[in-house]
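What follows is calculated from the coordinates using simple rules that are stated; it is not laboratory data. No experiment lies behind these values; they were computed from the predicted model shown. As a convention, Cβ positions derive from the backbone with ideal geometry for all residues, glycine included, and neighbour counts pool all protein chains shown.
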Amino acid sequence: MKMKTKNYTQAPLPFQGQKRRFLSEFKAALNGFRSAPLFVDLFGGSGLLSHTVKQLYPGATVVYNDFDDYHLRLANIERTNALLAQFRVILSGELPDKIISKEDKAAILKAIQAEQKRSGYIDYITISSSLLFSMNYATNYDDMAKQTMYNCVRKNDYEDARDYLQGVEIVKQDYRELFERYKHITGVVFLVDPPYLSTDCTTYSSYWRLGNYLDVLTVLKGTSYFYFTSNKSSIIEFTDWVEKNLGADNPFTGATKKEVAARMNHNAGYTDIMLYKRV
């Protein structure tokens, strides 16, 4: 029996940089790509872009580059929920949103070690979102053990999300190799959402330098694309300067730009940017 697919408006599990704030603009822009047979999500992240495209155009092929193994986190939601249930019991005597005692932290770490030994898998990003200060994540046991923990454990279980990537082709490879594989296919649209320059990228599985960000721009030349950045990266200003002063091609020439305001807290914010073009 075919599984009924839910239309998700945000990723089922925490992920740094997911595009939930951009969904309405992204969906509206996709109306201009109705005939595209293939969408390749070069930096798949949480899979929200791939999921959204597949929901809107179920007949299109959608390739999701899951370099951060998000699909494994989805597959282990039941284990994650069981571990969070243990945390709720351990922290039942702690005040909400306050630093927990050394004794309860030790009990939390012991529960994590036991689950690691039993199942061999821990979704550290998800559990750390329930134990660390807002927007802080850990990616391994040592990261968790050295940080101050708070009693901010999620009250409810995460929902089963096995349908989230239904119909999407999941791959895991360097984005450059994936681009080379598909760049000659007529009508292909590339979804390009690399880790933002000048922002925290600690939850991503690889370290990015300036050269890495600039290399990504090469996939935009002569292709149909959606590209995501922010005003903190200054990538757009940089390409404008290079075009004006050095006469180089600007990959964003002719692209449509949309902006969405984002806030980190009541004092600080930035602007998310989406540029898209069809050739």
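Would you check which residues across the range 83-104 are surrounded by fewer than 16 Cβ atoms within 10 Å (Cβ to Cβ) and at negative phi and list them?
Matches in the range 83-104: Ala85, Arg88, Val89, Ser92, Gly93, Leu95, Pro96, Lys98, Ile99, Ser101, Lys102, Glu103.
Is the range 50-69 home to any residue that is hydrophobic (A, V, I, L, M, F, W, C), under 15 Å from Ala161 (Cα atoms), crowded, with 19+ Cβ neighbours inside 10 Å and touching a residue at least 24 places away in the same chain (Cβ under 8 Å)?
No, the range 50-69 contains no residue that is hydrophobic (A, V, I, L, M, F, W, C), under 15 Å from Ala161 (Cα atoms), crowded, with 19+ Cβ neighbours inside 10 Å and touching a residue at least 24 places away in the same chain (Cβ under 8 Å).
Would you point out which residue out of Pro58, Pro14, Pro37 is more than 20 Å from Leu217 (Cα to Cα) and touching a helix residue (DSSP H, G or I) at 6+ places or on another chain (Cβ under 9 Å)?
One residue alone meets the criteria, Pro14.
Output the residues belonging to the range 142-171 that are within 30 Å of Leu217 (Cα to Cα) and either of a type in the set (Gly, Ala, Ser) or loosely packed, with under 14 Cβ neighbours inside 10 Å (or both).
Gly167
Where residues in the range 106-122 are in contact (Cβ under 8 Å) with a residue 40 or more places away in the chain and in a helix (DSSP H, G or I), which of them is farthest from Phe87 (Cα to Cα)?
Looking at residues that are in contact (Cβ under 8 Å) with a residue 40 or more places away in the chain and in a helix (DSSP H, G or I), I get Ser119.
Please go through (1) surrounded by fewer than 16 Cβ atoms within 10 Å (Cβ to Cβ); (2) at positive phi for Gly47 and return the number of the only condition it doesn't satisfy.
Exception for Gly47: condition (1).
Please go through the range 123-146 and pick out each residue that is of a type outside the set (Ser, Thr, Tyr), more than 15 Å from Tyr70 (Cβ to Cβ) and assigned to a loop (DSSP other than H, G, I, E, B).
Result: Leu131, Leu132, Phe133, Met135, Asn136, Ala138, Asn140.
Out of Ser50, Ser24, report the one residue that is assigned to a helix (DSSP H, G or I) and within 15 Å of the chain's Cα centre (by Cα).
It is Ser50.
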